[in-house]
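The values are calculated or read from the model by the stated rules, or taken from the named source; none is laboratory data. Since the model is a prediction, treat every value here as computed from it, not as a measurement. Here the Cβ is made from the backbone with ideal geometry for all residues, glycine too, and neighbour counts use every protein chain on show.
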Amino acid sequence: MIIVMDFGSQYTHLIARRIREFQVYSQILFPDITLDELKEIHVEGIIFSGGPASIYEEGAPTIRRDVWEYILEKRIPILGICYGLHLLATLFGGKVLTGKKKEYGVADVEILGKEEIFSGLDSHESVWMSHGDSVVVISHELSIIASSENCPITAFRHTQRDIYGLQWHPEVRHTVHGRKILENFIFNVCHAKPTWRISDFIDESVKRIESEVGKGKAVIALSGGVDSSVACVLAHRALHDNLYAIFVDHGLLRKNEAEKVRNIFSRMGINLAIIDASRQFLGRLEGITDPEEKRKVVGEEFIRVFEREAARLHAQFLIQGTIYPDVIESGTSRHSQTIKSHHNVGGLPASISLKIVEPLRELYKDEVRVVGRNLGLPPEIIDQHPFPGPGLSVRIIGEITEEKIRICREASAIVEEELEREGISTWQAFAVVLDERVVGVVGDQRKFGRIVALRIVESEDAMTANFVKLPWDILERISTRITNELPEVVSVAYFVSNKPPQTIEPC
């Protein structure tokens, strides 16, 4: 396998996911792994991830000395990315300082010479940078292999070993030939073999669920979305009648969501209960405006409903459809920072009576879809737009009200209907209700009305996303329908920011 050492980067799991695209198994480990633990793993290569820390700060994450010596002794290939580059430079006696100019976005780098890791690349490459620190001095053991106007030491390699460092991020799509760089490292440098299959994951997951739950009973948090649906079918294969799917209507669902879930899953022979807990959730959310607090309130209320239902069914386990991006953005990696707390990870309450099982925790959204297709789930589940667990609460800016919920739900339905009519496929498309109001003119009269903003993006794995450049006539038709069919709305806006810097969900 290829190991990814996690130093807290938002892209750590994206690196692992990219490796799996080449059908090579990857595993994420933390830099405090012991020598005995490392010796138990057959390692063909190691990637040091990026991270938010500065290598020169006190307490900055690093690797154990005996582990480092073992890696050198065994001549295990290494690729350091961003913070990983800084760590490698420091381990070999170099120096890292705060850069004169920070770089966040696309940059042009010059490839110096012919290196195995750059095989097939041009002399100038467009790459994605995200750093404030830079390597300013390297030891005689290292040589510079790429440079840029702002960062003279953009990449280096060890003169005698298969050790490389890159300042940029090859794992993100914005690096034009990033996939090729990783492919070169995996196969040309590490000499790994493409033997990992998604079907292996299905078999292993079923066995893991059987092992964790045993002869006990489990409830699964079924939202009807891709992640929870795939987790539900996997769990049903493992547990059969000892699995109980609980769909919670928290009053913040998409239009006709509950009916769709009932129709699909009741046909699969899965024990299904639909719980109307809308008064419970909306009551707890009353007056709350902070999005992080909304997520945590929703997370806690979900758990309380599941605990109540589990007690009624004498179940001891809760199965969730948590996936990698949920874990990453919730900051549960040891050295990462929280972007937003997902209701099923960072939004969980401290006290939970159920044992949590997360069979999809190691997968990205596109991998989950592949698993779902292999499991035979219908297209209306597999190909639907992702929907956050906290529902419309995180698509409503400010306080949640019945009016805002209705506007958000109906406007989002209009967006999806119009895109479907035009045959336009997107990763995600929905409406956001802003807290501010603006003046409009309706029927020759002044009206102080609502603003709806549209978020429509393309993505592959939810780690990065680009806004969709819709034709003006389609945007105009969506806007006209929203203002005509929702009289409270007088203005429609469109988000034209990518991820990063904006996240896909507004809050």
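For the reader, a short list of remarks on this structure follows.
- Residues of the range 126-157 that turn out to be at pLDDT 95 or above, of a type outside the set (D, E, K, R) and in contact with a His (Cβ under 7 Å, 6 or more places away or on another chain), as a count: 1
- Here TRP128 meets each of (1) over 18 Å from ILE181 (Cα atoms); (2) assigned to a strand (DSSP E or B); (3) touching a helix residue (DSSP H, G or I) at 6+ places or on another chain (Cβ under 9 Å) with one exception, condition (1).
- Looking across the range 446-495 at every residue that is under 27 Å from GLU402 (Cα atoms) and polar (S, T, N, Q), the one that is surrounded by the fewest Cβ atoms within 10 Å (Cβ to Cβ) is identified as ASN484.
- Sole exception among (1) closer than 23 Å to GLU301 by Cβ; (2) β-branched (Val, Ile, Thr); (3) within 26 Å of the chain's Cα centre (by Cα) for ILE202, by number: (1)
- Qualifying residue in the range 92-100 (condition: assigned to a strand (DSSP E or B) and crowded, with 20+ Cβ neighbours inside 10 Å): yes
- Candidate set: the range 243-256, residues that are without any contact (Cβ under 8 Å) to a residue 40 or more places away in the chain and surrounded by fewer than 23 Cβ atoms within 10 Å (Cβ to Cβ); chosen: the one farthest from ALA431 (Cα to Cα): PHE247
- Selection status of ILE163, buried (at least 20 other Cβ atoms within 10 Å of the Cβ), over 21 Å from SER54 (Cβ atoms), assigned by TED's automatic domain parsing to the domain that holds GLY50 and not polar (S, T, N, Q): yes
- Taking the range 253-263 as the range and being aliphatic (A, V, I, L, M) and either modelled with pLDDT under 90 or not in a helix (DSSP H, G or I) (or both) as the test, only LEU253 passes.
- The range 234-271, subset over 26 Å from the mean Cα position of the chain (by Cα) and among the acidic types (Asp, Glu), residue nearest to VAL433 (Cα to Cα): GLU259
- GLY443, sole failed condition from (1) of a type in the set (Gly, Ala, Ser); (2) loosely packed, with under 15 Cβ neighbours inside 10 Å; (3) closer than 23 Å to ASP383 by Cα: (3)
- Unmet requirement for TYR70, which otherwise passes all of (1) hydroxyl-bearing (Ser, Thr, Tyr); (2) in a loop (DSSP other than H, G, I, E, B); (3) closer than 30 Å to LYS193 by Cβ: (2)
- The listed residues are ASP108, ASP66, and the only one of them that is at pLDDT 95 or above and over 25 Å from the mean Cα position of the chain (by Cα) turns out to be ASP66.
- So ILE41, is it surrounded by 15 or more Cβ atoms within 10 Å (Cβ to Cβ) and at pLDDT 90 or above: no
- Residue selection: SER143 satisfies the criterion of being surrounded by fewer than 16 Cβ atoms within 10 Å (Cβ to Cβ), in the same structural domain as HIS86 (by TED's automatic domain parsing) and either in contact (Cβ under 8 Å) with a residue 60 or more places away in the chain or over 24 Å from VAL24 (Cβ atoms) (or both).
- Residue match in the range 244-252 (condition: in contact with a helix residue (DSSP H, G or I) (Cβ under 9 Å, 6 or more places away or on another chain) and assigned to a helix (DSSP H, G or I)): no
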